[in-house]
Amino acid sequence: MTPKEVIDSGFFIKADSIEELAEKCGIDEKGLKETIARFNEFVEKGKDEDFNRGDSAYDNYYGDPTYQNPNLGKIEKPPFYAVKIYPGDLGTKGGIVADEYGRALRDNKPIIGFYATGNCSASVMGRVYPGPGSTLGPSTVFGYIAANHVKEVLAKQKELVGEA
């Protein structure tokens, strides 16, 4: 069941007909109906000709196995919903900038004792996301680099304290 608060907030838009949904969303009714008809044809064929949904085992893992294509189901029974979508990259869409040791930077200077890696840091791939799992490698590498840097810093501190 759709939580009432997401509808009340306007994030989800609910309608009892396609015509009502188009009106509430401020989109062309004819275009919406044509898009739905085309999509429903894909469902009958079992092939998404626009986005290739269901063409891989990865896609089908969470699908509904009772359909010819587990990722596609007809749009035909009310209520109908629309969801506001805001484009952006994965994770933080930027994140904390870090140096080659994983140290978080402020004004291009390290913040002592603060490291960042993974989705909380700026991506080594810039503003693109090559695919699922692509953040795991860089996060592992920079986590390892950061841990070794911390180890070196602590060793130097211990050395300095021991000399005093």
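So the values come out like this:
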item: Test: residue in the stretch 68-88 that is farther than 22 Å from G10 by Cα, part of a helix (DSSP H, G or I) and under 25 Å from the mean Cα position of the chain (by Cα); result: no
item: Qualifying residue in the stretch 18-41 (condition: modelled with pLDDT of 95 or more, touching a strand residue (DSSP E or B) at 6+ places or on another chain (Cβ under 7 Å) and not hydrophobic (A, V, I, L, M, F, W, C)); result: yes
item: Qualifying residue in the stretch 58-68 (condition: at pLDDT 90 or above and either within 30 Å of L136 (Cα to Cα) or of a type in the set (D, E) (or both)); result: no
item: Residues satisfying the stated conditions in the stretch 1-19, i.e. surrounded by 12 or more Cβ atoms within 10 Å (Cβ to Cβ) and free of Cβ contacts under 8 Å to residues at least 40 places away in the same chain; result: V6, I7, E19
item: Hits in the stretch 128-154 - residues which are assigned to a loop (DSSP other than H, G, I, E, B) and loosely packed, with under 11 Cβ neighbours inside 10 Å; result: V128, P130, G131, P132, G133
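The values are calculated or read from the model by the stated rules, or taken from the named source; none is laboratory data. Everything quoted here is computed from the prediction, not taken from an experiment. Here the Cβ is made from the backbone with ideal geometry for all residues, glycine too, and neighbour counts use every protein chain on show.
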